[in-house]
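What follows is calculated from the coordinates using simple rules that are stated; it is not laboratory data. This structure is a prediction, so every number in the text was calculated from the model and none was measured. Counting neighbours? That spans all protein chains shown, and the Cβs are built from the backbone with ideal geometry, glycine included.
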């Protein structure tokens, strides 16, 4: 039987779908009866999505000026 | 502004011919990602320098690139190797293995009793969805701080996996760690970020 501590240890594998069928079943049953662990898993999922969304917000767009600077640098080093 | 990126088959020959437009396309496409990878390993201040050096050595080494992986993966690997080398030389570097990979603790064990039941169960969050969290200046700052505060290796895994969507196989190659180690590190990172957000919700 899985206890709550086990759940927190395996939460990642559960969320990323990396458990055997049996393990997944045990996990699901525990979540059905334990509101605390349900909350934990839900919060973990939220965090994962938030981190992912934060990435898309983070400026991956590099300014043209920066790109040109790097390209110039590369060209300088290439001509040797 | 966003044209679709030419594939490697088209790009690599152009890069080998040292075509300036190809350089520009590739740098524009990958600089952001490479910066993130470097920052995850070595922190913000020298990340730009490390990536610049990586670009230069990458294009020098391009003729020898055997294309067993994509160009992007190859670039990421060069950056991560450079960043790790740099990390070894920095006097203020933190050791890689700050946590035992065998440790199974994701959460402070005092949160559980001897039977493994919660003694301090997670509290409900007022601000509960990713969108709401990112709309809150305070929680967004909390999130950034939480990620920044992670130890080097967990931060790298989190960045590569949850931010950039790289697969585990590639992450293990880039960071030189086993898959089971990577999973532990990822879970630990996510756990710590969750903990930080939980604390900030209380403020």
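With an 8 Å Cα cut-off and a minimum separation of 6 or more residues, compute the relative contact order for chain B in percent. Let's see the in-between values first.
Working: 150 pairs, mean separation 44.0, N = 203.
Rounded, it is 22 percent for chain B.
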Could you give the angle, 0 to 90 degrees to the nearest 10, between helix A:64-78's Cα long axis and the longest principal axis of the Cα atoms of chain A? 70
Multiply the residue separation of residue B:202 and residue B:18 by 0.36 nm, subtract the distance between their alpha-carbon atoms, and state the gained length in nm to one decimal. 60.7 nm
Under the definition of partner shielding as Cβ atoms of other protein chains within 10 Å of a residue Cβ, what is the mean value for peptide A:8-14? 6
By the Cα gyration tensor axes a ≥ b ≥ c (a/c under 1.5 gives rounded; else a/b larger than b/c gives prolate, otherwise oblate), the shape of the protein assembly as shown is prolate
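For peptide A:63-70, compute the average count of partner chain beta-carbon atoms within 10 Å of each residue's beta-carbon.
Values: counts 2, 3, 0, 4, 8, 5, 2, 11.
For this peptide, the per-residue mean of nearby foreign Cβ atoms is 4.
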Chain B - mean residue ellipticity at 222 nm from DSSP helices (-39,500 (n - 2.57) per run, n ≥ 4, rounded to 500): -20000 deg cm²/dmol
Name the most mobile residue of B:69, B:45, B:110, meaning the one with the largest mean-square fluctuation, in a Gaussian network model of chain B with Cα contacts below 10 Å. B:110
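Grab the Cα-Cα distance for residue B:5 and residue B:61, subtract it from 0.36 nm times how many residues apart they are, and report the gain in nm with one decimal. Before the final figure, lay out the partial values.
Numbers: separation 56, 0.36 × 56 = 20.16 nm, distance 2.17 nm.
Gain on stretching residue B:5 to residue B:61: 18.0 nm.
Provide the gained length on full extension for the span residue B:115 to residue B:45, in nm with one decimal, where the gain is 0.36 nm per separating residue minus the Cα-Cα distance.
Here the answer is 20.6 nm.
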Fluctuation leader among B:43, B:32, B:116 - chain B, Gaussian network, Cα springs under 10 angstrom: B:116
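Can you bin chain A into rounded, prolate or oblate? Criterion: square roots of the alpha carbon gyration tensor eigenvalues sorted a ≥ b ≥ c, rounded for a/c under 1.5, prolate for a/b above b/c, oblate for the rest.
Details: a/c = 5.91, a/b = 3.14, b/c = 1.88.
Verdict is prolate for chain A.
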Tell me, how many Å apart are the Cα centres for the stretch B:158-203 and for the stretch B:106-154? 13
For every helix of n ≥ 4 consecutive DSSP H residues, a contribution of -39,500 (n - 2.57) applies; sum these over chain A, divide by its total residues, and give [θ] at 222 nm rounded to the nearest 500 deg cm²/dmol. -26000 deg cm²/dmol
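Summarise the partner chain shielding of B:12-21 as one whole number: the mean count of Cβ atoms from other chains within 10 Å of each residue's Cβ. Present the calculation step by step, with values, prior to reporting the outcome.
Values: counts 0, 0, 0, 1, 0, 0, 4, 0, 5, 1.
Mean partner-chain Cβ count within 10 Å for B:12-21: 1.
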To the nearest 10 degrees, the tilt of helix B:44-61 (Cα long axis) against the first principal axis of the alpha carbons of chain B is 30
Tilt of helix A:4-15 relative to the longest C-alpha principal axis of chain A, in degrees (0 to 90, nearest 10)? 50
